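Contents: one structure, followed by commentary.
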Amino acid sequence: MKALFFLFSLLLPFTQLCATDSTADLSRWKEDFSDETAFLKNWSAYGWLADGKTVSGVENIHRWWQIHGGNLRGQTFGKLHPSGLQRKISGGDVRVSLRFKLEEGGMAAVGFNGPNPILEANFHLAGVHIRANSITAWDEENLHPRGSPEAEALKKEKRMNRKFIGAAKVEKLSLTRGVWHALVIEMRGRTISAFIDGERVLSYLTNAGDAPKQTLQFAVGGDGREVVEGWYDDVIFEPLEESK
């Protein structure tokens, strides 16, 4: 539980999103990580260490994230707080498809941000944590209605009016480490569904997953060993077709 909380401290709301060309179509795009210039233009690192020092920005991105052999490699370093990665998106019902690869002790984390009607800032809608033996849906829950005395008190204290649900739903898996796996995550209404290698492995009704999507984010988790790597490639973000 401590390790999960440590990783999720990466996943805090941010009002500063990644820099992208203002003319880009944020509702439908592809990324194969073949062009480092495009990667640095469209993606940004984020996160903070326990002492408040940032692991965000161009000056830090290469420490945690590198283009290596045409793939995106994320790294964690022992107990040092890892850095997340994010890219702007736009849409309601959406799908993200990608390939990922885990090594011993590693974890892939993929999630979505969007505006919360109660919170005062952009927040995390929902996402998944994937290990070789499990996939976990995480969620956010509002604590108090906007404008209520409790919400106003939290605002004055500069505390978020929400609660992270780290293990909203857990399903068992058996993934081979060191090989590529295909991942598809769909968010339709409030439901998040995940498919690995063509098989549905998770479906969960979130609290606020139907909010507009503003950011796609990745992270890599480790088990406290000196260096743990995680890999991503061939990302496709697109709107879901309407249900008939």
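Rule-based calculations on the coordinates, nothing more; no lab input. Owing to the predicted nature of the structure, the values given are computational and were not obtained by experimental measurement. Positions of Cβ are backbone-derived with ideal geometry, glycine not excepted, and every protein chain shown enters the neighbour counts.
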How many angstrom lie between the C-alpha centres of the range 197-226 and the range 75-100? 8 Å
Please compute the length gained on full extension between residue 150 and residue 40, using 0.36 nm multiplied by the number of residues separating them and subtracting their Cα-Cα distance. 35.5 nm
Please report 123, 39 as a ranked list, fewest other C-beta atoms within 10 angstrom at the top and most at the bottom. 39, 123
With all pairs of different alpha carbon atoms counted, what Kirkwood hydrodynamic radius in Å does the range 184-235 show? 13.4 Å
Once you've got the Cα coordinates, tell me which of 88/155; 79/172; 101/163; 101/172; 30/101; 30/213 are over 23 Å apart. 88/155; 79/172; 101/163
Give the distance, in whole Å, between the Cα centre of the range 139-155 and the Cα centre of the range 158-188. 25 Å
Trypsin sites (Lys or Arg not before Pro) restricted to DSSP loop in the range 113-189 with at most 11 other C-beta within 10 Å: 158, 159
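Could you please rank 191, 176, 206, placing first whichever residue has the fewest other Cβ atoms within 10 Å of its Cβ? It would help to have the intermediate numbers written out before the result.
Values: 191 15, 176 11, 206 24.
Taking fewest neighbouring Cβ atoms as first place, the list is 176, 191, 206.
Among 34, 174, rank each residue by its count of other Cβ atoms within 10 Å, from fewest to most, as a rough exposure measure. Write down the numbers at each step before the final one.
On the way: 34 11, 174 7.
If I rank by nearby Cβ atoms, fewest first, I get 174, 34.
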